[in-house]
Amino acid sequence: MMNPILDVKGVTKAVRSRKLVNDMSFTVEKGQICGLLGPNGAGKTTLIRMITGLIHPTAGSIAIAGTDVRTRRPEALAKLGAIVESPIFFPYLTGSGNLLNLARLDPSLSPARQKERVREVIATVGLEGRENDRVGTYSLGMKQRLGIAQAILGQPELIILDEPANGLDPMGIRELRELILKLHETEGLTFLISSHLLDEIQKICPHVVLMKEGKLVWKGKTQELRQGNESLEDAFVELMTR
Ligand SMILES: Nc1ncnc2c1ncn2[C@@H]1O[C@H](COP(=O)(O)OP(=O)(O)OP(=O)(O)O)[C@@H](O)[C@H]1O
Ligand SMILES: [Mg+2]
């Protein structure tokens with residue numbers, strides 16, 4: 001059997017006596033778009049920070065495509081692209097400049113290939129024509145696209161987006177959704193996308209992991225979440241208030 005792209009096993013994060021994330025276990029298989037859904041304060045960002053190696057779990061383990069994030073960190077993180085909370089850029093550099101800075105960190109690429117890869121990802125995320133403008137002049141939606149360009153630059157297997165629609169207008173949210181679906185279809189990328197909005201997850205994620213107060217509440221196919229309830233929303237509310 002193939003390893004899942006993401007394997008979260010019994011992960012807990014305790015700060016003093018409080019468990020921000022409490023014994024979470026789930027997997028994301030290759031090619032899935034999986035939603036991580038939970039209300040504000042559920043622990044989504046804390047969990048994502050552990051998956052992306054920014055903080056260590058108090059207990060449990062996390063593997064990306066079979067590689068443990070703690071014991072083989074560089075190798076594991078090389079398979080991952082992520083935006084945690086909001087993407088980070090140098091505002092005085094151009095979009096291309098920011099991407100080139102990152103591309104240069106990969107010594108396996110020649111300078112010519114680095115530039116070519118930057119052009120490729122700019123085209124993929126639809127920032128052509130604006131790539132030579134300073135990032136400080138970008139709209140929120142453009143910054144989100146540039147963040148995704150950063151995340152896919154190193155050709156990872158798994159992309160993690162933490163609340164990617166935050167602050168975007170309806171058109172921006174729709175464009176983001178289309179971009180994610182395009183990346184999924186054309187590059188076969190696997191996604192874990194967090195949100196506190198059911199509607200957003202439902203539109204794009206065939207699989208979902210629900211969490212509340214640090215704990216796993218439900219995981220499975222989004223369409224099965226609805227079972228026995230009038231609507232998906234009813235099912236969600238039922239699980240969240242149980
Ligand atoms: N370093 C920390 N020390 C103590 N408590 C923390 C720390 N970081 C987060 N928390 C708390 O952990 C809980 C989970 O926070 P987290 O940011 O992971 O939630 P979230 O699901 O991402 O919420 P949101 O939807 O608002 O982004 C919150 O109650 C938060 O106050
Ligand atoms: Mg958060």
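The values are calculated or read from the model by the stated rules, or taken from the named source; none is laboratory data. All of these numbers come straight from a predicted model, not from anything done at the bench. Note that we place each Cβ from the backbone using ideal geometry, even for glycine, and neighbour counts take in every protein chain shown.
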### Query
Assuming Val237 fulfils every condition listed in (1) more than 16 Å from ligand 1 (Cβ to nearest atom); (2) surrounded by fewer than 21 Cβ atoms within 10 Å (Cβ to Cβ); (3) among the β-branched types (Val, Ile, Thr); (4) part of a strand (DSSP E or B) apart from one, which condition is it?
(4)
### Query
Would a scan of region 1-23 turn up a residue that is without any contact (Cβ under 8 Å) to a residue 40 or more places away in the chain, within 16 Å of ligand 2 (Cβ to nearest atom) and either over 20 Å from Lys215 (Cα atoms) or part of a strand (DSSP E or B) (or both)?
yes
### Task
Please state which of the following conditions Gly81 fails to meet, knowing it meets all the rest: (1) within 16 Å of ligand 2 (Cβ to nearest atom); (2) within 30 Å of Glu128 (Cβ to Cβ); (3) in a strand (DSSP E or B).
(1)
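When only residues in region 20-50 that are more than 9 Å from ligand 1 (Cβ to nearest atom) and over 23 Å from Lys203 (Cβ atoms) count, which is nearest to the chain's Cα centre (by Cα)?
Quick first cut of region 20-50, residues more than 9 Å from ligand 1 (Cβ to nearest atom) only: 22-35, 37, 50.
Filter once more, keeping what is over 23 Å from Lys203 (Cβ atoms): 22-25, 50.
Details: Asn22: 20, Asp23: 20, Met24: 17, Ser25: 17, Met50: 12 Å.
Per the stated criteria, the residue is Met50.
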### Query
Can you find a residue in region 100-121 that is at pLDDT below 95, within 16 Å of ligand 2 (Cβ to nearest atom) and either farther than 26 Å from Lys30 by Cβ or in a helix (DSSP H, G or I) (or both)?
no
### Query
Which condition number does Gly129 fail, the rest of (1) surrounded by fewer than 19 Cβ atoms within 10 Å (Cβ to Cβ); (2) part of a helix (DSSP H, G or I) being met?
(2)
#### Entry: region 135-185: number of residues that are in a loop (DSSP other than H, G, I, E, B), among the small types (Gly, Ala, Ser), more than 27 Å from Ala42 (Cα to Cα) and within 16 Å of the chain's Cα centre (by Cα)
1
### Summary
Note on Glu213: of the conditions (1) more than 16 Å from ligand 2 (Cβ to nearest atom); (2) surrounded by 14 or more Cβ atoms within 10 Å (Cβ to Cβ); (3) at positive phi, unmet is (1)
### Task
Can you confirm whether region 62-72 contains a residue that is under 16 Å from Met24 (Cα atoms), of a type in the set (Gly, Ala, Ser) and not in a loop (DSSP other than H, G, I, E, B)?
yes
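A quick yes/no check of all residues on (1) among the acidic types (Asp, Glu); (2) over 25 Å from Phe26 (Cα atoms); (3) surrounded by fewer than 20 Cβ atoms within 10 Å (Cβ to Cβ):
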{"residue": "Ser139", "(1), (2), (3)": "no, yes, yes"}
{"residue": "Pro156", "(1), (2), (3)": "no, no, no"}
{"residue": "Thr190", "(1), (2), (3)": "no, no, no"}
{"residue": "Leu197", "(1), (2), (3)": "no, no, yes"}
### Task
Answer with yes or no whether Thr52 is under 24 Å from Lys182 (Cβ atoms) and not aliphatic (A, V, I, L, M).
yes
#### Entry: Selection status of Gly147, buried (at least 17 other Cβ atoms within 10 Å of the Cβ) and more than 16 Å from ligand 2 (Cβ to nearest atom)
no
